[in-house]
Amino acid sequence: MKNPAILIVEGNKILHQDLKGRLFHHGFEVIEALDKTTLQFFQDRKPDLVIICSSGDSSINGLKTVAQIRRQDRGVPLFLITGNSSEARVIAALRAGVTDYFKWPISYKELIASINRKLSDHKRSLQETDIYEPMIGDGAAMREIKAYLMNVATTDCTVLITGETGTGKELAAELIHRKSLRHQEPFVCINCAALPESLVESEMFGYERGAFTGAVALKRGKFELAEGGTVFLDEIGDMSPYAQMKIMRTTEKKEVCRLGGKGAIPINVRIVGATNRDPEQLMEKGNFRKDFYYRLNVARVHLPPLRDRKEDIPSLLKHYIRKFNQGFGREVEGLTEEALASLLHYDWPGNVRELKNILETTFISLRSWKIALMDLPKTFQRRLKETEGLSEKERDRLLSVLFATKWNKSKAAQKLHWSRMTLYRKMAKYQISTSQ
């Protein structure tokens, strides 16, 4: 396993040499840089932690170095050791982005303990960033939703998340789990739409060895695997009434019974459900049990489609460009004004997931440092052309497509590159009914 690399920025030469020896003794790799070459060393070597040694008024230069590094990396632990300390300097250092501040002479025991602690925290933060996708958006709608999710997370009630496909329902469920008291326990996702009814009990509740042909060993179900944590039931609108009944009984009794088992096993899990369908309409049609709905619908979260929060598109683009730059080894700076305007004009029937996929496809063959309209996938460019000018004559275009498809709404939505919900919303907006 590679030893953590620490970059020492020279200022106080005596402190520098002493510190170098202590760090070597504790098993750290040491990188040395002069003040003028700090940024180049930081970019080339990508150290795990930076220590800036300064003395006297050179602490001012130290803060300039801190600011330079912070512009490159906001998360790397940054220590400042100085021989001239005052309350004002400490406050200035912390505001500049210093992680920890030490006055010379220092206690090396405290310094090494702080280094180990900050390295551990930074590693955990990076791991969480790799595992979890953040919810991006600073518009009024998303600010309100994220604030509500934080409130929900502090409780232990069941949650029902609704929203179109691609709006980030699983991200919302993960955020609730991460910010809850159960965050150190498992987060188990069950795709209800992909679970055949014949496998509901064996997958969710497990089975004993010999329970049926092929059961050669004991298997713990999803609910047992999530003990102490959160079970996320994705696309519960596609779950059969039989499966709904089984889950409802499990949550009521707080226990599971494995297939072939002789007794009940107590469980302690939180339930978060999600669906891209209207649960109230499903109930009216008899496809969703009322008792199951009322058990789930304690805290309700609705995620708006991307077309209703287009103010968040620039932030989403910036986030995914940064992510794909890392993944593809590129240095793409952003989009041209023409490309950005086209993305803002588009209605995004596939929501955030569609935006992410289009951007990732663009990166595959991208050669420039800025994304132009012509760099976007050809199929997407055709879609943009087809919808060009639609806002001006949208009602006429919509009527034309409906007549052309003989009022087949699925085909009309597909031809317009809209979701069915968008089609219904537009029909209501322009007062278009099937009687026309």
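The values are calculated or read from the model by the stated rules, or taken from the named source; none is laboratory data. For clarity, every value in this text was computed on a predicted model and none was experimentally measured. As a convention, Cβ positions derive from the backbone with ideal geometry for all residues, glycine included, and neighbour counts pool all protein chains shown.
Identify all residues within segment 296-309 that are out of contact with any Cys (no Cβ under 6 Å at 6 or more places or on another chain), surrounded by 17 or more Cβ atoms within 10 Å (Cβ to Cβ) and not in a helix (DSSP H, G or I); write none if there are none.
V301, L303, P304, P305, R309
Quick test of your reading of the structure: L175 fulfils all but one of (1) modelled with pLDDT of 90 or more; (2) surrounded by 20 or more Cβ atoms within 10 Å (Cβ to Cβ); (3) touching a Gly at 6+ places or on another chain (Cβ under 8 Å). Name the failing condition by number.
For L175, the failing item is (3).
Just for segment 344-360: of the residues that are closer than 12 Å to L316 by Cα and among the hydrophobic types (A, V, I, L, M, F, W, C), which one is surrounded by the fewest Cβ atoms within 10 Å (Cβ to Cβ)?
Going through the qualifying residues, I end up with L344.
Determine, yes or no, whether I364 is closer than 28 Å to P134 by Cα, in contact with a strand residue (DSSP E or B) (Cβ under 6 Å, 6 or more places away or on another chain) and without any contact (Cβ under 8 Å) to a residue 60 or more places away in the chain. Before you say what the answer is, go through the steps one by one.
Values: closer than 28 Å to P134 by Cα: yes; in contact with a strand residue (DSSP E or B) (Cβ under 6 Å, 6 or more places away or on another chain): no; without any contact (Cβ under 8 Å) to a residue 60 or more places away in the chain: yes.
So I364 fails the test.
How many of the residues making up segment 52-90 are among the β-branched types (V, I, T), modelled with pLDDT of 75 or more and over 20 Å from Q17 (Cβ atoms)?
Here is the first cut: in segment 52-90, the ones among the β-branched types (V, I, T) are 52, 60, 65-66, 69, 76, 81-82, 90.
If we keep only those that are modelled with pLDDT of 75 or more as well, we get 52, 65-66, 69, 76, 81-82, 90.
Of the ones still in play, those that are also over 20 Å from Q17 (Cβ atoms) are 66, 69, 76, 90.
Selection size over segment 52-90: 4.
Checking the conditions here, which among R307, R295 is in contact with an Asp or Glu (Cβ under 7 Å, 6 or more places away or on another chain) and among the charged types (D, E, K, R)? Quick ask: steps written out before the conclusion?
Details: R295 fails: in contact with an Asp or Glu (Cβ under 7 Å, 6 or more places away or on another chain).
Unique residue meeting the criteria: R307.
Determine, yes or no, whether R322 is part of a helix (DSSP H, G or I) and more than 18 Å from I371 (Cβ to Cβ). Break it down stepwise before answering.
Details: part of a helix (DSSP H, G or I): yes; more than 18 Å from I371 (Cβ to Cβ): no.
It is false that R322 is part of a helix (DSSP H, G or I) and more than 18 Å from I371 (Cβ to Cβ).
Among the residues of segment 236-249 satisfying the criterion of being hydrophobic (A, V, I, L, M, F, W, C) and part of a helix (DSSP H, G or I), which is farthest from the chain's Cα centre (by Cα)? If you could, list the steps in order and put the result at the bottom.
Of the residues in segment 236-249, the ones hydrophobic (A, V, I, L, M, F, W, C) are 236, 239, 243, 245, 247-248.
If we keep only those that are part of a helix (DSSP H, G or I) as well, we get 236, 243, 245, 247-248.
Working: I236: 21, A243: 29, M245: 31, I247: 27, M248: 29 Å.
Residue satisfying both the conditions and the ranking: M245.
Is at least one residue of segment 416-433 at pLDDT 85 or above, part of a helix (DSSP H, G or I) and polar (S, T, N, Q)? Please lay out each step first, then the result.
Taking segment 416-433 as the starting set, the residues that turn out to be at pLDDT 85 or above are none.
For segment 416-433, residues at pLDDT 85 or above, part of a helix (DSSP H, G or I) and polar (S, T, N, Q): absent.
Can you tell me which condition E331 does not meet? The list is (1) under 30 Å from Q72 (Cα atoms); (2) among the acidic types (D, E); (3) not in a loop (DSSP other than H, G, I, E, B), and all the others hold.
(3)
Table: residues versus (1) within 27 Å of F223 (Cα to Cα); (2) part of a helix (DSSP H, G or I).
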| site | (1), (2) |
| --- | --- |
| T251 | yes, yes |
| A274 | yes, no |
| Y294 | yes, yes |
| E311 | no, yes |
| K318 | no, yes |
| E360 | no, yes |
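Looking at segment 153-167, is at least one residue assigned to a strand (DSSP E or B) and more than 19 Å from T251 (Cα to Cα)? Before the answer, list the steps.
Applying the first criterion (assigned to a strand (DSSP E or B)) to segment 153-167 yields 159-162.
Next, from what is left, pick out any that are more than 19 Å from T251 (Cα to Cα): 162.
Taking every residue of segment 153-167 in turn, at least one turns out to be assigned to a strand (DSSP E or B) and more than 19 Å from T251 (Cα to Cα).
Checking S368 against (1) part of a helix (DSSP H, G or I); (2) out of contact with any Lys or Arg (no Cβ under 9 Å at 6 or more places or on another chain), which test does it fail?
Going through (1) part of a helix (DSSP H, G or I); (2) out of contact with any Lys or Arg (no Cβ under 9 Å at 6 or more places or on another chain) one by one, S368 breaks only (1).
Test P279 against the stated conditions and say whether it is within 24 Å of W418 (Cβ to Cβ) and modelled with pLDDT of 90 or more.
Values: within 24 Å of W418 (Cβ to Cβ): yes; modelled with pLDDT of 90 or more: yes.
Yes.
Among the residues of segment 74-123, how many are in a loop (DSSP other than H, G, I, E, B) and under 33 Å from the mean Cα position of the chain (by Cα)?
Filtering segment 74-123 for residues in a loop (DSSP other than H, G, I, E, B) gives 74-77, 83-86, 97-99, 104-107.
Checking the rest, the ones that are also under 33 Å from the mean Cα position of the chain (by Cα) come to 74-77, 97-99.
Counting residues in segment 74-123 that are in a loop (DSSP other than H, G, I, E, B) and under 33 Å from the mean Cα position of the chain (by Cα) gives 7.
Which residue out of V216, V231, V200 is at pLDDT 90 or above and among the aliphatic types (A, V, I, L, M)?
Values: V216 fails: at pLDDT 90 or above; V200 fails: at pLDDT 90 or above.
Just a single option satisfies the conditions, and that option is V231.
For segment 257-272, which residues satisfy the criterion of being of a type outside the set (G, A, S) and either part of a helix (DSSP H, G or I) or more than 19 Å from N191 (Cβ to Cβ) (or both)?
Of the residues in segment 257-272, the ones of a type outside the set (G, A, S) are 257-259, 262, 265-272.
If the condition is that a residue be of a type outside the set (G, A, S) and either part of a helix (DSSP H, G or I) or more than 19 Å from N191 (Cβ to Cβ) (or both), then C257, R258, L259, K262, I265, P266, I267, N268 are the ones that fit.
Is segment 215-229 home to any residue that is buried (at least 21 other Cβ atoms within 10 Å of the Cβ), without any contact (Cβ under 8 Å) to a residue 40 or more places away in the chain and not in a strand (DSSP E or B)? Give the steps one after another, and end with the answer.
Keep residues of segment 215-229 that are buried (at least 21 other Cβ atoms within 10 Å of the Cβ), which gives 221, 223, 226.
Narrowing further to those that are without any contact (Cβ under 8 Å) to a residue 40 or more places away in the chain: 221.
Those left that are additionally not in a strand (DSSP E or B): 221.
Checking segment 215-229: at least one residue is buried (at least 21 other Cβ atoms within 10 Å of the Cβ), without any contact (Cβ under 8 Å) to a residue 40 or more places away in the chain and not in a strand (DSSP E or B).
Could you check segment 210-231 and list, in sequence order, the residues that are at positive phi and either within 24 Å of the chain's Cα centre (by Cα) or not assigned by TED's automatic domain parsing to the domain that holds A153 (or both)?
Restricting attention to segment 210-231, the residues satisfying the condition of being at positive phi are 210, 214, 228.
Listed by number, the list holds a single entry, G228.
Is one or more of the residues making up segment 196-209 over 31 Å from the mean Cα position of the chain (by Cα), buried (at least 17 other Cβ atoms within 10 Å of the Cβ) and not basic (K, R)? Spell out how you get there, then give the answer.
So the first thing to find is which residues in segment 196-209 are over 31 Å from the mean Cα position of the chain (by Cα), and the list is 198, 207-209.
When the remaining residues are screened for being buried (at least 17 other Cβ atoms within 10 Å of the Cβ), the result is 207.
Okay, now just the ones that are also not basic (K, R), so 207.
Looking through segment 196-209, at least one residue is over 31 Å from the mean Cα position of the chain (by Cα), buried (at least 17 other Cβ atoms within 10 Å of the Cβ) and not basic (K, R).
Among the residues of segment 399-421, which ones are closer than 15 Å to R307 by Cβ and either of a type in the set (K, R) or in contact with a Leu (Cβ under 8 Å, 6 or more places away or on another chain) (or both)? It would help to see each step written out before you state the result.
As a first pass, look at segment 399-421 and keep what is closer than 15 Å to R307 by Cβ: 413, 416-421.
Listed by number, the residues that qualify are A413, L416, R420.
Only one residue in D238, D234 is acidic (D, E), surrounded by 17 or more Cβ atoms within 10 Å (Cβ to Cβ), out of contact with any strand residue (DSSP E or B) (no Cβ under 6 Å at 6 or more places or on another chain) and assigned by TED's automatic domain parsing to the domain that holds L296, so which one is that? Step through it out loud before you land on a result.
On the way: D234 fails: out of contact with any strand residue (DSSP E or B) (no Cβ under 6 Å at 6 or more places or on another chain).
Answer to the check: D238.
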